């Protein structure tokens, strides 16, 4: 019997990045939330995405370093997640998301106290940027 070729499924988008302003009641200030999640969901644990964030001048870099298993061994399912809040971001920024294999996506975003807008992005990308928490 002849075997057919295996077709590898291509997932063009691997990550979804949420960039949105959030009001912190305790500090009485508005911060910009960066939330990164995987599109694929894991069935055993809630993994954490290891990301090294860096801000210099008007460039925000998010270097994805891999996944980390949770400290608590309670099973659960869902995507791997990273969250980071940055205060005092206003204006137009270049956003660079870089994977472990050195592949990069570039975005231009405008941040205000009320909203975040994506002005420009790569055509071929592995990361999708959303500004509404419901789309994340």
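A simple spin-label model places pseudo-atoms 7 Å from Cα toward Cβ; at residue 135 and residue 54 they are separated by 2.9 nm.
Three principal axis extents of segment 15-135 based on alpha-carbon atoms, in descending order, are 41, 39, 25 Å. Between residue 30 and residue 63, the FRET efficiency estimated from the beta carbon spacing at R0 = 25 angstrom works out to 0.45. Rounded to the nearest 0.05, the FRET efficiency derived from the C-beta distance between residue 106 and residue 23 at R0 = 25 Å is 0.30.
Rounded to the nearest 0.05, the FRET efficiency derived from the C-beta distance between residue 122 and residue 86 at R0 = 22 Å is 0.50. Label zone (residue 71, point 7 Å along Cα-to-C-beta; backbone nitrogen cut-off 20 Å) within segment 28-54: 45-53. Over the chain, what is the relative contact order in whole percent, taking alpha-carbon pairs under 8 Å and six or more residues apart? For the chain, the relative contact order is 27 percent.
Readers should treat all values here as calculations from the given coordinates under stated rules, not as data from a laboratory. If you're wondering where the values come from, they're calculated on a predicted model, not measured in any experiment. Counting neighbours? That spans all protein chains shown, and the Cβs are built from the backbone with ideal geometry, glycine included.
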